Amino acid sequence: MNDQPKTENRKPETDLSGREYLGLKSIIGPLLVVTGVRGVGFDESVEIHAPDGSRQTGRVLAVGQDEAVIELFGETVGLSLQNTRVRFTGSPLTAPVSIDLLGRIMNGMGQPLDGGPLPVGEASRDLNGQPINPTARTYPQEFIQTGISAIDGMNTLVRGQKLPIFAMSGLPHHELAAQIVRQARLLGEEGRFAIVFAAMGVQHDVANLFRQSFEASGVLNNVVMFLNLANDPAIERLITPRLALTVAEFLAFDRDHHVLAILTDMTNYCEALREVASSKGEVPSRKGYPGYLYSDLASIYERAGKIQGRSGSITQLPMLTMPNDDITHPIPDLTGYITEGQIVLDRGLHQRGIYPPINVLPSLSRLMSDGIGAGRTREDHSHVSSQLYAAYDRARRIQSLAAIIGEDSLSSGDRQVLNFGRAFEEKFLRQRPEENRSITQTLDLAWQILKELPRGDLTRVTEAEIKTYGGG
Amino acid sequence: MATMTETTAEVIWVSGPVMRSNGGQVLSMYEMVEVGAERLIGEVIALDGEVATVQIYEDTGGIRPGDPVVGQGAPLSVLIGPGLLGQIFDGIQRPLNALRQATGVFIGRGAQVTPLDRQKAWLFKPRLKVGDTVAGGDILGVVPETSAMEHRVLAPPGVAGEIVYMAEPGAYTLNDAIARVKDARGRETELFLWHRWPVRQGRPYKERLLPTEPLITGQRVLDALFPLAKGGAAAIPGGFGTGKTITQHQLSKWCEADLIVYVGCGERGNEMTGILTELPNLTDPRTGRPLMERTILIANTSNMPVAAREASIYTGITLAEAFRDMGYAVALMADSTSRWAEALREISGRLEEMPAEEGFPAYLATRLAEFYERAGSVITLNGSKGSVSVIGAVSPPGGDFSEPVTQQTKRFVRTFWGLDKELAAARYFPAINPIDSYSEYPDLVAGWWAEHVAPGWQEMRSQALVLLQEDYQLQRIVKIIGEEALPDTQRLTLAAARWLKEGFLQQSAFDPVDMFCPPAKQVKMLKLILETFRKAKEVMARGVPFYQVRELGELGALMRMKSAIKADELERFDELEKSLNDKLESLAG
Ligand SMILES: Nc1ncnc2c1ncn2[C@@H]1O[C@H](COP(=O)(O)OP(=O)(O)O)[C@@H](O)[C@H]1O
Ligand SMILES: [Mg+2]
């Protein structure tokens, strides 16, 4: 199979691998400098043996004629300059991948947390993966019903998409993700599905919530969990999502699974990246994040999609907390520039007790237009969605006006739009965490609330659609 | 090229895409090099004493000090010849289809692939004959490359002399010499169906022309309000999800250029796949052929090596210039120039250069200027007319246009299509904010519109802009006191602005009827809206209250006409105009 990502590519001649050195020149933050090295390659993985016998992983960040700079994925506590042993492996960081990982729980570096044995890989794959050739991709267009109206109706998810949730601290984004996982119709439908769950710096409770949710829906045996929890070393977070996606790629493209990859919380990942960048003394760009944050995030998010001739797929559901609830912060901003849309949560809706608190206006599914319509969802879907957007946007504007001049001073037309806005939030948006609406139910509900609008405002749906679905 | 194998120098340091070698005295600036056993491709970007700094276009994992660095004796160049059309290349013109053959569905390293198929035979018809004098840029002959387009085989710029051999009409591969030229000193040079050109050097032309012909895009807000001229440059800045890519896709599909060069620079893989899937199935309304046949794609997606991303823009514009020199009108899309600027920043950071604003190198503005300067309408070396129009997407952090790339870009483009997050949130597309946007071409292209479409174009355009400006002012008041509190005449202005915005400017890329709107239909629609506005004003002056106008259900037709009336039923606009006029008149009667 010449189609496999080639890790062999990067193996140097055997006589050069496995070189060991005793002693470091310096330790600066997570960076170790070793001198006197020969034959060391950029980006090769390194084992670091502390005097107490413990072993950690690193990789070569830069290498000159005499000196190599190593990034350590772990703690420098207990390392000494004299007695630390460094072994260069001669290959890039790899992960063992295997179908047997399904059902397992590992830490953020891939060590078992469930008491089971160390996984025996069917193959060993480069953690960084390789870009999918655009000529080899299949454009994603299969509708995934999540049962959530705000998503299915207005920000449709398709198989192979990368669609993040932009959360705010204290909002129920994990509950929302768990509901998607429970209800998403990709599960079960085609038999071969898997969930790859990567936690970066999250609380125990969150990991548990997902575990229980997987258990409750009886899918635990199809799940691999990689958990870097809040009290685990931050720098390991740089590895965790790559580990998870390396496994996801194997399951999807070698073992024909439809994989749903859940990555949470990408904000913690970015923070770890910033920490490392600043200890390297790099010139920061916005808010202290490195200038290559975009490319770095892309190397994670682009590992989603479908490939010609392979029956599996990777659908990514990353989650991130917007610092300060600010969508223009570099983390959500650069994510939005890479992913195929975003589901944005809203504190105001949450405070008014609306679940799921999705603000549809800044939300987007870029792959929606190809995933909906006659034969996929329903012929009126695209127009109905567009009409809901236009009207809800207007309703929100009128709401702010009403706050100034009072509802009584509004024109009757404006009052109708305002009522539409309320119906939208109360009937369409709001649903129970266990409520699973079919796409037909969602679209019918949309028409029901569109009736609140003055007829002249229905400019984005056709006359024929109004006749068929809008009760004439 | 690849025949030179002696090691020129050795790697002495490597980190990410940047490597230093000890070849400072033997390599030259921008020379291409091959590095390591896998012969990774790189380019010299700095020389200092013994040290030559190289940026490498492929993943550098595993590269070690001591690895060989082999100079190629020439700068990074593209190959110009038949076989480019309908193809997709990476940032350094490696065909992605060939890469897939070589390394599989995942892009591997060190694949040795040629940009153009050297085995394929092309039908060549000479235009010159033995004894003719020839100079660089002359058309030696033509190859009917696709049924939509012929490839005109150019004498490489720099060549001059007399033709001493010319191939007979027939089938030739890129390996066959098709002509021989003897220069003034009696030296003979073989010419082929192809030649090379260094990407960082603009191709020569005879003379620059003032751009006077609009680049019709079929997108109303662009053509009617903020036109781009053939040979002009436009920027389309906007936060994520505001419509940069869809607009560029729309232009790639429908704009009236002979050739599209689409550079996906640091953006999504699926977007390139989307074009690859869509274009072959769309028909060019002008040639009846699949649109893919007039398209060249350059794809260096966000997760592909960053140095090749930096090069991709130059690869794209050099190919565009080559077709300009064949006498074609070319449109180049660059999505996104911000990712290119970031690639510059990343490389600059690794060189430990002094950063200017936001970490970008101080030469950002110069590089942007050089790039946009390569747009233009020209008389080519062979005396024909050709043009390169450049449309660059800009992705400002946080959607804030005050950042360096947007600000610097503004200095070098004459059309600015500013995208608006709020419009996009309401799914008002194209989300081009008519207040922020501008074009400096209307006066230049008005003559074309008057001659080919409608004499009143410029006047209608001005009226539309005035209406939008008034609407903008009024909306600020409405936000505070509500619409009800305004006098009737102002409420009519708001209503008319709504007809204009929703009925005319808004245009869905996904509406099968409306995705492309020809100029004649644009003018009909705009005239109808302005005429209805005028008539409504008139009857209100005669005492008709605004609410009667507002409640006229028939006016809803203004919002639906874009999809309800097709481009070949233009007479229906006249009927509609008459009936609305009568309806309004009857209110007064
Ligand atoms: N002209 C248009 N017609 C219809 N929808 C559009 C149009 N422009 C943008 N959109 C919508 O906006 C989304 C984002 O557009 P896109 O061009 O991908 O944004 P950007 O490149 O600025 O991030 C698209 O997926 C599409 O749904
Ligand atoms: Mg885009």
May I ask you to sort A:M200, B:M354 by Cβ crowding, counting other Cβ atoms within 10 Å and putting the fewest first?
B:M354, A:M200
Sum of -39500 (n - 2.57) over DSSP H runs of 4+, divided by residues of chain B (222 nm, nearest 500):
-10000 deg cm²/dmol
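Can you tell me the FRET efficiency between A:D100 and A:E175 if r is taken as the Cβ-Cβ distance and R0 is 22 Å, rounded to the nearest 0.05?
Values: r = 31 Å, r/R0 = 1.39.
FRET efficiency, A:D100 to A:E175: 0.10.
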Any idea how far apart B:V26 and A:Q351 come out in nm if each label point goes 7 Å out from Cα toward Cβ?
7.0
For segment A:176-183, in residue order, the Karplus 3J(HN,Hα) values (coefficients 6.51, -1.76, 1.60; θ = phi - 60°; whole Hz; Gly and Pro = x) are 5, 4, 5, 5, 4, 4, 5, 9
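What is the fewest-to-most order of A:I27, B:I260 by other Cβ atoms lying within 10 Å of their Cβ? Kindly include the intermediate steps, with their values, before the conclusion.
Numbers: A:I27 16, B:I260 23.
If I rank by nearby Cβ atoms, fewest first, I get A:I27, B:I260.
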In angstroms, what radius of gyration and Dmax does segment B:1-144 have, counting Cα atoms only?
18.4, 56
Quick calc, A:R310 & B:A37: beta-carbon distance into FRET formula, R0 30 Å, rounding 0.05, result 0.50
How many nm is it between the label spots at A:V120 and B:I379, if each spot is 7 Å from the Cα in line with the beta carbon?
7.9
Residue-ordered couplings for segment A:280-294, obtained by feeding phi - 60° into the Karplus form 6.51 cos²θ - 1.76 cosθ + 1.60 and rounding to whole Hz (Gly and Pro as x), are 7, x, 6, 5, x, 9, 5, 6, x, 7, x, x, 9, 4, 4
Just the Cα atoms of the protein assembly as shown: what Rg and Dmax do they give in Å?
30.5, 101
Based on other C-beta atoms within 10 Å, arrange A:V97, B:V544, B:V18 from fewest to most.
B:V544, A:V97, B:V18
Show me the trypsin sites (Lys or Arg not before Pro) within segment B:541-589 that DSSP assigns to loop and that have at most 12 other Cβ atoms within 10 Å of their Cβ.
B:R542, B:K566
Note to self: C-alpha centroids of segment A:268-317 and segment A:41-86 sit apart, in Å, by 23
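Scanning chain B for helices, which whole DSSP H stretches are 24 Å or more long along the axis (Cα) and average -1.0 or more by Kyte-Doolittle? Display every interim value, and only then the final one.
On the way: long enough: B:306-325 (30 Å, 0.27); B:457-481 (36 Å, -0.12); B:519-541 (33 Å, -0.02); B:571-588 (26 Å, -1.03).
Answer set is B:306-325, B:457-481, B:519-541.
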Label point distance in nm, A:N208-B:E278, each placed 7 Å from Cα along Cα→Cβ:
4.8
Search the structure for amide H atoms under 5 Å from the amide H of B:V78, placed 1.01 Å from N in the peptide plane, and list their residues when 5 or more places away or on another chain.
B:W197, B:V199
Indicate, rounded to the nearest 5 percent, the antiparallel portion of the DSSP beta bridges found entirely in the protein assembly as shown.
65
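Out of every Cα-Cα pair in segment B:191-331, what percent are more than 17 Å apart?
66
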Kindly provide log₁₀ I(q)/I(0) values, in the same order as q = 0.09, 0.24 Å⁻¹, from the Debye equation applied to equal alpha-carbon scatterers of segment A:55-166.
-0.47, -1.30
Read phi for every residue in segment B:82-91 and hand back ³J(HN,Hα) as whole Hz from Karplus 6.51 cos²θ - 1.76 cosθ + 1.60, θ = phi - 60°, with x for Gly and Pro.
x, x, 7, 5, x, 9, 10, 10, 8, x
What is the list of residues in segment B:74-110 whose amide nitrogen lies under 13 Å from a point 7 angstrom out from the Cα of B:T173, following Cα to Cβ?
none
Net charge of Cβ neighbours under 12 Å - reference B:M29; Lys, Arg +1; Asp, Glu -1
-2
Where Lys and Arg each count +1 and Asp and Glu each count -1, what net charge lies around A:D370 among other residues with Cβ under 10 Å from its Cβ?
0
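What pairs in A:K451/B:K562; B:K120/B:K385; B:K244/B:K537; A:K467/B:K421 have C-alpha atoms more than 26 Å from each other?
On the way: A:K451/B:K562 24 Å; B:K120/B:K385 30 Å; B:K244/B:K537 37 Å; A:K467/B:K421 33 Å.
B:K120/B:K385; B:K244/B:K537; A:K467/B:K421, as the Cα separations exceed 26 Å there.
Could you tell me the ratio Rg/Rh of segment B:441-547? Both radii from Cα atoms, Rh via Kirkwood. Could you put the intermediate results ahead of the total?
On the way: Rg = 15.7 Å, Rh = 15.4 Å.
My calculation of the ratio gives 1.02.
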Taking the Cα atoms only, what angle lies between the long axis of helix A:439-450 and the longest principal axis of chain A, rounded to 10 degrees?
50
5 angstrom amide H check on B:V142, placed H, neighbours 5+ away:
B:K125, B:R127, B:V153
I want to make sure I understand the PRE zone here: with the label point 7 angstrom from the Cα of B:K120 toward its beta carbon, which residues in segment A:113-138 have backbone N atoms less than 19 Å away?
A:134-136
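Taking R0 as 51 Å, what's the FRET efficiency between B:E10 and A:N231 from their Cβ-Cβ distance, rounded to 0.05? Walk me through the numbers on the way to the answer.
Details: r = 46 Å, r/R0 = 0.90.
Calculated value: 0.65.
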For a bin width of 20 Å, list the pair-distance distribution of chain B built from all Cα-Cα distances, rounded to whole %.
19, 47, 26, 8, 1
If you add up the charges near A:T468, with Lys and Arg at +1 and Asp and Glu at -1, over every other residue whose beta carbon is less than 11 angstrom from its beta carbon, what do you get?
-2
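Any read-out appearing in this document is the output of simple, stated calculations on the displayed coordinates, not a laboratory observation. Please read all numbers here as calculations on a predicted model, not as lab measurements. Glycine also receives a Cβ, built like all others from the backbone with ideal geometry; neighbour counts cover every protein chain displayed.
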